[in-house]
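Below you'll find the structure, written out as structure tokens, and then a few comments.
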């Protein structure tokens, strides 16, 4: 059975080679593509390429030209995919190999030479190293404590500053709130000059909302035009003039004025007759 299969495979291989050679000889398409047998190639081929005659002529030597071509690019060489072949017969299992020989035990190593006993360290050196370490540790601890202390002081200062700032803000807010309310003031004034057309005095103003003397100053008044008192005095003077004209020139008229210069009373006398008038 195995021999028959080998023969069948050999036959297929031979048929394939015959088909390949035939394809090489008749690769050109059409009856007009004929060669006289003198064919030259152009270029170098790669591994697995086949030589194909392409029916071209070399003008100088009048020689046909062929090319090296990848066989997978030639349509005539591409056949349909065949069916999968049958599974071959499993081969005969080989014999088990002979176990190898055991290796030889190694030789024990030689003991090393014992080292010398260590020498004692000078206690002074140890103490110096310990003192150095202690000094370094203390320096580090002191530096850390100093930095922590500075940070705490800075935090305390900023906290106090924030507290003062907040208090000032609250105080300003309260003062602004009071100023926004209706202000109740008590004003006092002392006039030391009182003329018809000029009044001069000093004044002060006490604010009851804030409980402070809010304002002091000099008050100067320059009246323009006639006041009510001026108009009344003018009327009285006119009446007196009329009385003087009616009573004659022998009448004696005495006027009494108050501290402000206003007419307080008038006395008219003529001979044995006297008339007192008070206003």
Item to complete: Could you work out the relative contact order of the stretch 170-267, using alpha carbon pairs under 8 angstrom and six or more residues apart, expressed as a whole percent?
Response: 16
Worksheet item: Measuring from label point to label point, each 7 Å out along Cα→Cβ, what is the residue 183 to residue 152 span in nm?
Response: 5.0
Item to complete: With label points built 7 Å along Cα→Cβ from the Cα atoms of residue 122 and residue 238, find their separation and express it in nm.
Response: 13.3
Discussion item. Can you tell me the length gained on complete extension of the stretch residue 267 to residue 206, counting 0.36 nm per residue apart and subtracting the Cα distance?
Written reply: 17.3 nm
Item to complete: Could you work out how far apart the two model spin labels at residue 229 and residue 129 are, taking each label as a point 7 Å from the Cα in the direction of the beta carbon, and quote it in nm?
Response: 11.1
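Would you order 224, 144 from fewest to most other beta-carbon atoms within 10 Å of each residue's own beta-carbon? Before the final figure, lay out the partial values.
On the way: 224 5, 144 10.
Starting with the residue having the fewest Cβ neighbours, the order is 224, 144.
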Discussion item. If R₀ is 35 angstrom, what is the calculated FRET efficiency for the pair residue 195 and residue 169, using the beta carbon separation as r and rounding to 0.05?
Written reply: 0.10
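Read-outs throughout are calculated quantities, based only on the coordinates presented, and are distinct from any laboratory measurement. The model shown is predicted, which means the values in this text are computed figures rather than measured ones. Reconstructed Cβ throughout: ideal geometry from the backbone, glycine too, with neighbour counts over all protein chains shown.
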